[in-house]
Every structure is written in structure tokens, then in C-alpha cells.
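For reference, the structure is listed below as C-alpha cells.
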Amino acid sequence: MNDLKEIKLWDDWDDINLSTPERRIERLEILLCQKVHKGEDISECLQVLEYLKNRTTQQKLESVFFRRVQSQRL
């Protein structure tokens, strides 16, 4: 639990980079750990985390699919 105390709090928005789904997942995981440490409800964090992970996987699969379609056309 000492690791949680060393992580910057979620309230410090100036240094947070949320430009990619991977970065959002990383920050959400940190928030989730902080909420667990404080004994707060984490159900919404888990739902958003699942959504982001599924979305990232879907985007990667779509990219592979479109590359295959393009290569078959050539």
C-alpha cells in the first residue's frame, strides 16, 4: 500500500496525459487503486476500464482487418 501514497493524486490534472486509450487506462488503473485504498465505490471505474480495454482491442482488430482487406485487393 505504500506505493499508492507515492503516486500523484488524480486531482493534479496539469501533468496528466490522456491522449491515447492506453494512457487513459493507465490513469484509470491508478484512480481505481486509490479508490480501493480509500474504501470508495469502484464500480464506475471498473465499467469505464472495461470499456476502454474493449475499445482498444476492437480498434487493433479493425486495423488488422482493414490491412488484410487492402492486401487482398492488391
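The values are calculated or read from the model by the stated rules, or taken from the named source; none is laboratory data. Here the structure is a predicted model, which means the values were calculated and not measured. Counting neighbours? That spans all protein chains shown, and the Cβs are built from the backbone with ideal geometry, glycine included.
A search for C-beta distances below 6 Å between a residue of the stretch 50-74 that is within 29 Å of R27 (Cβ to Cβ) and at pLDDT below 90 and any residue that is hydrophobic (A, V, I, L, M, F, W, C) and assigned to a helix (DSSP H, G or I), counting only pairs 6+ apart in sequence or on different chains, returns L52/I25.
If we keep just the residues of the stretch 19-74 that are hydrophobic (A, V, I, L, M, F, W, C) and outside any helix (DSSP H, G or I), which is surrounded by the most Cβ atoms within 10 Å (Cβ to Cβ)?
Going through the stretch 19-74, the residues hydrophobic (A, V, I, L, M, F, W, C) turn out to be 25, 28, 30-33, 36, 42, 45-46, 48-49, 52, 61, 64-66, 69, 74.
After this cut, where a residue has to be outside any helix (DSSP H, G or I) as well, the list is 42, 74.
Values: I42: 16, L74: 4.
Looking at the filtered set, the residue picked out is I42.
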